[in-house]
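**Student:** Structure provided below as structure tokens; questions to follow.
The values are calculated or read from the model by the stated rules, or taken from the named source; none is laboratory data. Since we're looking at a predicted model, the values are computed, not measured. Every residue, glycine among them, receives a Cβ derived from its backbone with ideal geometry; neighbour counts consider all protein chains shown.
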Amino acid sequence: MKINTRPQRFITPYLLTALLSLLIAGCSDKDETKQPASQAPAAKPEQPAFDHGHGPEVTDMQKHKFEHDYAAQCVERELNSSANNIEDADRINKSCDCIATYMMKDLTAQEAEKFLNEKEHPQSLRIKFDAAAYECLQEKSLPQGPKLFGKPEVTEPVVTE
């Protein structure tokens, strides 16, 4: 009678693999020291979700200069691409002022310096411009007034003689 030795040949690597996985899982990098139950851990102060600083603050003068320069540049750029400059001027001025004011709220010192002194447009300003343009130029629908008892709204005043 012939004895099959193949299954025995594979048992050794399986046992070694299982032993190594148990050893690796059992070893941990964590050095946990248990505190006595009488000592409660102190409450940690609430930290913001980010831990980086924004750098030096932007002065009001820099913000004001940025707002005017950016609005002027925006108006110039839009009027150059406009077909009817005279009719579009008021609308473009209003839109560009809104965008510059919106961007000024989150302005960092580095962005202000790059725009005002180096005449550059960093990527962060482009991202802020897109967000500001969305906020300032989107069509805001006005809420409808109440409709009482199914009566239609009167758009013109009724004149009785």
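**Student:** Consider A71 against the criteria (1) aliphatic (A, V, I, L, M); (2) modelled with pLDDT of 85 or more; (3) more than 25 Å from the chain's Cα centre (by Cα): it satisfies all of them except one. Which criterion is unmet?
**Tutor:** Every condition holds for A71 apart from (3).
**Student:** Quick check on my filter: what residues within the stretch 82-95 are at pLDDT 85 or above and of a type in the set (S, T, Y)?
**Tutor:** S95
**Student:** A further question on this structure: Select from the stretch 83-141 the residues that are surrounded by fewer than 13 Cβ atoms within 10 Å (Cβ to Cβ) and either on the phi > 0 side of the Ramachandran plot or polar (S, T, N, Q) (or both) and list them in ascending order.
**Tutor:** Within the stretch 83-141, N84, N85, N117, K119, Q123, Q138, S141 meet the criteria.
**Student:** Next up: Find the residue count for the stretch 72-114, including only residues that are outside any helix (DSSP H, G or I) and of a type in the set (A, V, I, L, M). Reasoning before the result, please.
**Tutor:** Start the filter on the stretch 72-114 by keeping residues that are outside any helix (DSSP H, G or I), which leaves 81-84, 106-108.
If we keep only those that are of a type in the set (A, V, I, L, M) too, we end up with 83, 107.
Selection size over the stretch 72-114: 2.
**Student:** Is there any pair with a first residue in the stretch 94-108 that is closer than 14 Å to R126 by Cα and of a type in the set (S, T, Y) and a second that is modelled with pLDDT of 90 or more and surrounded by fewer than 17 Cβ atoms within 10 Å (Cβ to Cβ) whose Cβ atoms are under 9 Å apart and which are 6 or more apart or on different chains, and what are they?
**Tutor:** Qualifying pairs under 9 Å: Y102/A131.
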